[in-house]
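Below is one structure; the comments refer to it alone.
The values are calculated or read from the model by the stated rules, or taken from the named source; none is laboratory data. Remember, it's a predicted structure, so these values are computed and weren't measured experimentally. Cβ placement follows ideal geometry from the backbone for every residue including glycine, while neighbour counts extend to all protein chains displayed. The protein model used for the area step is the full one, side chains on, heavy atoms only, and it has no ligands, DNA or RNA in it. Shrake-Rupley method; radii C 1.70, N 1.55, O 1.52, S 1.80 Å.
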Amino acid sequence: MTKTFKNFLMMGASPVLTLIAGPVFAQSTGTQAIETVVVSAESLRAGGIMNPITVPKERSTITQEFLNTQSPSQTVFESLNNVPGFNFTQGDPFGGAGGNVRLHGFDGNRISFTWDGMPMNDTGNYAIFTGQVADSEIIASASVNQGTTDVDSPTAAATGGVISVLTDRPKQDFSLLGDFSYGSFNHVRAFGRVDSGEFGPWNTRAFVTFSYNRNDKWKGPGALLKRQVNALIYQDLGDLGWISLGAHFNVNRNHFYNSVTFLPVRGDAGYWNVATLAAVANPALPGGAMGVAAPNVALDNDGNYVGVGNPRTPDIADGYGLRYDQASVCPRAATRNGLADIEATSSGGTTSVCTGYYNVRTNPSDTGNIRLASLFHLNDELSLTVDPSIQYVRANGGGITVLNETDPRLRGRGGAAGVDLNGDGDFLDQTSVFSPNNTNTIRYGLNTSLLWKIAPKHTVQAAYTLDFGLHRQTGMMAFMDAKGNPFDVFAGYRDIAHRVLAADGTPIRTRDRRSTAILNQVAFAYEGDFLDDEVHLSAGVRAPFLQRNLNQMCYTGATGSFNQINPGPQFQYCTSAAPLGPVAAYGTGQFAGQAATASWTKPFEKTVKYNRVLPNAGLSWSPFGEEHQFFVAFAAGLSAPRTDNLYNGGNNGKCLVNGAINGAAPGCVFSGLANVKPETTNTYDIGYRYNGGDLNFSVTAYNTQFKHRIQSTFDAEQGISVDRDIGSVNLDGVDAEAAIFPMENFSIYTSVGYTHTRVADGPLSRICQNAACSVTISFANRELVETPNWTASQRVQYSIWGFTIGAG
């Protein structure tokens, strides 16, 4: 439960976002300008939700009027749950833990997310980090294109639509806004905003805001902390146009929630295979092929595991389930000279009793941006928009590694005996160190358009987009204190004093990559009215050219699965030591001190390029007046492979012999670079809208044809998530939303969405235990995971005496 208080002082009127003729809700300044429509103030009656849209494609919007009625601590994505086809889930009630976005079966990595036209998807994996977006109090509007992109969408990953957020403009009069929330789990949030009003000789306007948001986790130890600063300065240039400059900085310090585990996936003799899992489900069956007897498993009333008969392993502890979370303490091993001080609890020295300690299961992030938006009317027919930006990101996902003091990586080039990690004077120990995988990105962007009004009702647009991201991924390890707490949340990447070093002084890393993602995109669009404004045509084409410069500075596992004894492409091996002997003919090498089955592909540098010409068109028809609109739309989409997909390695397809991987097979070659095809889509919309005085209504039927869909699914046998190309996928459904105004100041909003997904021709997929493949399944005719068939929302709102009362 949370309570919120807001105070206002001399609040000025909130200006409508105006470009040429009226309010719009598109992403970039260029798209806003070419899509500008005239909407009267009388028609904006839906309480900030389902504002009238006339563009010939499916789009839903919410504005600050609606956001002001929502919990201020929540992310704007939670508020967008009201629009049809959109589904957002999060693991925390206060908006700080982030969450998962789904739109017509597309996850956030396949949806273009922009803020004032600036691309916000991660440059490496295209993820949307919903806990790091702007405070809702500064958002003027948020819109969703369900399926189709805008012609100048600044992304090489948009196959499922566009989410765009536009910042509120500073008020014309001096004003102060403050709100404060408190609630369960020690939740506290405070927000303050100061608007300067018009000042100076050119009537410049500005605002600055600060927010603080903290709460305890709802289960387990730890907390979620978020601090944010925003500022924006706006200058109206009169007939020439306008210009605005915004800045943002956000700091998150979050502890993880432990994922719910309903089936044990590992035993102390290795990984559970399919036969063993069947034995778990049916204790009458014998043990699996590994000879590990299945444990007796039962669940208590809270869904947690309890031991019955107790053949239990250390990896399957009592308490896994709904209530299980991170450990509150990290017991460190004693430091004794001449004795083996062991912190590991499983074979191989890779898992520590501190692995689940809450203070190493963290998600810290520092993010910021500076962005400029501008519109210049060069003459009566020609306008120019220029939107440059720069972004900064530093973040990781926590984690620890147990190092043996004689680990080959610690020996370095000189082949030293080892490194005394815990300072007890010997090389006999295994010690836990903090080893998060840090990602650091510096990103430069430009979105610019030239608009030419070639006739009174006909406009063309030429647009150019540059997105240049320097992407550094490294897992530099660092020591922890005596209680298992990191000295710095970014470990050795920032904490130089506590780095773990090999005997030759080389920093010990879990991974080390340097990537550059360069997007150059050109786009052309046309907007025109025909037949006395009864028909509107929108047509365009965009051509993204993506180049990734990849530099893998570590060795990559070649032939195995999720363990370093027989490593697969999930593992990197970062060492200054040289491999044993020459690299094998099929591209792999081995290192001293490792099992004979461990093989690695060498570091590499590679440039890969992806490009596609993507048409985009829409047609609307209003035969019964401007209140009624029928429309059809089409858009082609492209999602270039993500960085992790490319770095995960593979082989040339000639390494399988009788279903098993055999590196010595004729023609077999392994590589640290995977051959991944880009995902492509074709999306079709057909719909009808009614924008009336007492009723706004929209219904849209859609179909998306998806090729080379990469799906991440959990492999219970290996205990990891695996990316697979599941081939072609077909998505279709219907969205509907309506806003009714039965009386003045009273509105009822309803939305319903139905989505059906089907894998059309999914390939066979092997589930493998090391080199042996035990089960073959087909994905054909199956549905996509995490994709609800139905979404629905309802809201009733009434305004009286300056108060707004709503339920949804």
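May I ask you to derive the FRET efficiency for Ala807 and Ile686 from their Cβ-Cβ distance with R0 = 25 Å, giving the value to the nearest 0.05? It would help to have the intermediate numbers written out before the result.
Details: r = 33 Å, r/R0 = 1.33.
E between Ala807 and Ile686, to the nearest 0.05, is 0.15.
Going by accessible surface with a 1.4 Å probe and the largest first, Asp116, Asp239 read Asp239, Asp116.
A probe of 1.4 angstrom, applied to the heavy atoms of all protein chains, finds Ile805 with accessible area near 110 square angstrom.
Over the range 181-251, the reciprocal of the mean inverse Cα-Cα separation, the Kirkwood hydrodynamic radius, stands at 14.6 Å. Here the Karplus relation 6.51 cos²θ - 1.76 cosθ + 1.60, evaluated at θ = phi - 60°, turns the backbone of the range 471-483 into coupling constants of 10, 10, 10, 8, x, 5, 7, 9, 6, 10, 7, 5, 9 Hz, with x for every Gly and Pro. For Asn652, the residues whose modelled amide H falls within less than 5 Å of its own, excluding neighbours fewer than 5 places apart on the same chain, are Val669.
Please compute the net charge surrounding Met480, taking Lys and Arg as +1 and Asp and Glu as -1 over other residues with Cβ under 12 Å from its Cβ. Each step should come with its number before you reach the end.
Values: positive: Arg332, Lys483; negative: Glu343, Asp481, Asp488, Asp495.
Counting the neighbours of Met480, the net charge comes to -2.
Could you provide, to the nearest whole Å², the per residue accessible area of the range 642-689 with probe 1.4 Å?
Spelled out: the 1.4 Å probe surface of the range 642-689, per residue, equals 46 Å².
Working note: Karplus 6.51/-1.76/1.60 with θ = phi - 60° gives the range 234-243 the couplings 10, 10, 7, 9, x, 5, 6, x, 7, 8 Hz, where Gly and Pro are set to x.
If you wrap the tightest convex hull around every Cα atom of the range 57-108 and split its volume per residue, you get 79 Å³. Past the 14 angstrom mark, what percentage of all C-alpha to C-alpha distances in the range 143-209 do you count? For the range 143-209, the share of Cα pairs beyond 14 Å comes to 71 percent. For the range 51-99, what is the accessible area per residue in Å² when the probe is 1.4 Å? Result: 23 Å² per residue. Computed with a 1.4 Å probe over protein heavy atoms only, the accessible area of Arg227 comes to about 90 Å². A quarter of the convex hull surface defined by the alpha-carbon atoms of the range 499-637 gives 14.4 nm² as the mean projection.
Using only Cα atoms, what Kirkwood radius does the range 568-626 have, in angstroms?
On the way: mean 1/r = 0.0599 Å⁻¹.
About 16.7 Å, per the Kirkwood formula over Cα pairs.
Largest accessible area first, the listed residues Leu372, Leu501 line up as Leu501, Leu372 when surface is computed with a 1.4 Å probe on the assembled protein chains.
Counting pairwise Cα distances across the range 634-688, what percent come out greater than 16 angstrom? Within the range 634-688, distances greater than 16 Å cover 60 percent of Cα pairs.
Rolling a 1.4 angstrom probe over the protein heavy atoms with all chains in place gives the range 444-600 an accessible area of 41 Å² per residue.
With a 1.4 Å probe rolled over the protein heavy atoms of all chains, the accessible area of Leu550, Leu695 falls in the order Leu695, Leu550, largest first. By the Cα gyration tensor, the range 111-242 has an equivalent ellipsoid whose semi-axes, rounded to whole angstrom, run 29, 26, 10 from largest to smallest. Between amide H atoms placed 1.01 Å from N, distances below 5 Å from Gln172 occur with Ala13, all of them 5 or more places distant or on a separate chain.
With Rh defined as the Kirkwood radius, the inverse of the mean 1/r over Cα pairs, the Rg/Rh of the range 385-515 is 1.32.
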